[in-house]
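What follows is one structure encoded as structure tokens, with my remarks underneath.
The values are calculated or read from the model by the stated rules, or taken from the named source; none is laboratory data. Bear in mind that the values here come from a model prediction, so they are computed numbers and not experimental data. FYI the Cβ positions are ideal-geometry reconstructions off the backbone, even for glycines, and counts take in every protein chain you see. Ligands, DNA and RNA are excluded from the accessible area calculation, which covers all protein heavy atoms including side chains. Shrake-Rupley method; radii C 1.70, N 1.55, O 1.52, S 1.80 Å.
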There are 2 protein chains.
Amino acid sequence: MSGTDHAHQDDWTGPQPVFVLVEPQMGENIGAAARAMWNFGLEHMRLVHPRDGWPNPKATAMASGASRVLDRLGVFDTTAEAVGDLNYVFATTARARDLTKPVVTPERAMEQARAMTRDGKRVGILFGPERAGLENVDIAQANAIISVPVNPGFASLNLAQCVLLTAYEWRRQTGDDVPEVVAMAKTQFATQLEMDKLYEHFLERLDTAGFFFPEAKAEGMKTTLRNMLSRMPMTQSDTQIFHGMLRQFARWKERGD
Amino acid sequence: MSGTDHAHQDDWTGPQPVFVLVEPQMGENIGAAARAMWNFGLEHMRLVHPRDGWPNPKATAMASGASRVLDRLGVFDTTAEAVGDLNYVFATTARARDLTKPVVTPERAMEQARAMTRDGKRVGILFGPERAGLENVDIAQANAIISVPVNPGFASLNLAQCVLLTAYEWRRQTGDDVPEVVAMAKTQFATQLEMDKLYEHFLERLDTAGFFFPEAKAEGMKTTLRNMLSRMPMTQSDTQIFHGMLRQFARWKERGD
């Protein structure tokens, strides 16, 4: 397990931060962290002195579809070596520390990371061992601290969850690359003219059916109806459904059975 | 396991969304979801037909410090009952669906949820069973879909992770609490139960009128109708207008003139 043997595998192919797991204990958690990263398209992982050595079959089994993250991962003996080629390093920690260092939210951190990678800087994020978290000696090497704004009375994020939130924030900051998911994008919304026609159809059928009663209130009822329809975000298809219903009530009436 | 027995425990004490787990399978995952929520101060959970019944010792063991979420949780037989008193419901899903419904990111969804709770609306978020996710019949009842913008080639968020990201986004949106002027602030929006009743009324009248024809298409037409109604931002007063129209068509028919 030597940094130099594996470091070459961790070439920097794109503008992405490197996630560095410091002394991870359970192989399963390394695999879960890889999955969390790959969910958001992040693939640069490094390990510092994993307790059970490397490779670790349990990590591989857990990573399954995200094995590419593990295949190209770098293993180092010390945190200093793992972050040696990086320009800026964040340390994640749940507890307040005595170290004088900027403390930022994941949101702010990934905003900064995004800006720095745009400038060609290499950014890394340190994640501590499952139980104890990062030691001060590791945090001291970082340029800033990421603190997730959890419930002060209950902070229980596990390693993969902490990785997940950070990876999610990275992806969120690159939102302009990923068009917002809108399934209704191709939807044909009704035009004002179509809504007018639907309103007229409602008027005609409801009037025939004697809905606008008493007459003194008829105008007010019609305005309320028009206003209500104008608040409904209808598609063209929705208006057709309503037209169909109105016609069907008339047919039913005419059938007279 | 009955909705009525537990519903009173789930009183609405603050402006927070309700997280509804639909047919969760493993008790451990219910506990992990509770932990994920409580990390971000969210405490309103409801269960729909949990596979192993309720209470569930495995859920309690896993929740540990977040047991308050489980202590006050409501259990319901159906999704419709679980969201009956809510005004707006999001459904989380990983896969694209054929239903015409807004699809938003967690960020946008929690931004909207935050705005709606400020207006006094009750907001819920549906999470599907671990393996299969939500079924279309549940999604049809929701007003919008939340889709996490994951790697298109690798989406592997588990239940607790999906809950975690949503709870995180809720907390992030509450960062700076700037009150907004909202013209519809005092409006009584329809609850899901009221929308269910309106849907049932539509069904009954349209069925009598012979709308659902041919029979082979009837189920699809009903789902389309339910889905359309769920997209309409109706007030209680709007639902009364539609009830009135439907009654009037029946009276008209009976009058037979």
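Points to keep in mind about this one:
- Taking all protein chains together and rolling a 1.4 Å probe, residue B:222 ends up with roughly 50 Å² accessible.
- With Cα atoms, 0 to 90° folded angle of helix A:236-255 axis to chain A main axis: 30
- Alpha-carbon centroid distance for the pair segment B:190-257 / segment A:130-157, whole angstrom: 54
- Neighbouring Cβ atoms from other chains, within 10 Å of the Cβ of residues in B:226-235, number 3 on average.
- For the protein assembly as shown, the fraction of alpha-carbon pairs lying more than 35 Å apart is 43 percent, rounded to a whole number.
- Debye log10 I(q)/I(0) for chain B, one point scatterer per Cα, at q = 0.08, 0.12 Å⁻¹: -0.34, -0.73
- Cross-link pairs beyond the 25 Å C-alpha cut-off, checked among A:197/B:121; A:217/B:222; B:121/B:217; B:101/B:222; B:58/B:197: A:197/B:121; A:217/B:222; B:121/B:217; B:58/B:197
- Per-q log10 I(q)/I(0), segment B:122-174, q = 0.17, 0.19, 0.23 Å⁻¹ (Debye; single scatterer per alpha-carbon; no solvent): -0.62, -0.77, -1.10
- Principal-axis analysis of the Cα atoms of chain A puts helix A:215-231 at an angle of about 30° to the longest axis.
- Average partner coverage of B:155-163, which counts Cβ from other chains inside 10 Å: 4
- Extending 7 Å from the Cα toward the beta-carbon at both residue A:119 and residue A:51 defines two label points whose distance is 3.9 nm.
- For chain A, the longest principal axis of the Cα atoms and the long axis of helix A:106-118 meet at an angle of about 70 degrees.
- Gyration tensor (alpha-carbon) shape descriptor, segment A:192-255, a/c threshold 1.5: oblate
- Proximal charge balance of residue B:62 [Cβ under 11 Å; K/R count +1, D/E count -1]: +1
- Fraction of the pair-distance distribution of segment B:71-174 above 23 Å, Cα-Cα pairs, percent: 23
- If only the Cβ of Lys and Arg carry +1 and only the Cβ of Asp and Glu carry -1, the dipole of the protein assembly as shown around its Cα centre is close to 720 debye.
- Using the rule -39500 (n - 2.57) for each DSSP H run of four or more residues, divided by the residues of chain A, the 222 nm mean residue ellipticity is -14000 deg cm²/dmol.
- Going by accessible surface with a 1.4 Å probe and the largest first, A:245, B:62 read B:62, A:245.
- Dipole magnitude for chain B: computed about the Cα centre from +1 point charges on Lys and Arg Cβ and -1 point charges on Asp and Glu Cβ, it is near 400 debye.
- Dipole of the protein assembly as shown, positive end: most advanced residue of A:145, A:232, A:37 [Cβ charges, Cα centre]: A:232
- Chain A: relative contact order as a whole-number percent, Cα under 8 Å and 6+ apart: 20
- Residue of A:43, A:204, A:23 that the Gaussian network model of chain A assigns the largest fluctuation, springs spanning Cα pairs under 10 Å: A:204
- When you filter the trypsin sites (Lys or Arg not before Pro) in segment B:81-177 for DSSP loop state and at most 13 other Cβ atoms inside 10 Å of their Cβ, you are left with B:95, B:131.
- Percent antiparallel among DSSP beta bridges (both partners in chain B, rounded to 5): 5
- Nearest-0.05 FRET efficiency for residue B:78 and residue A:189, computed from C-beta distance (R0 30 Å): 0.40
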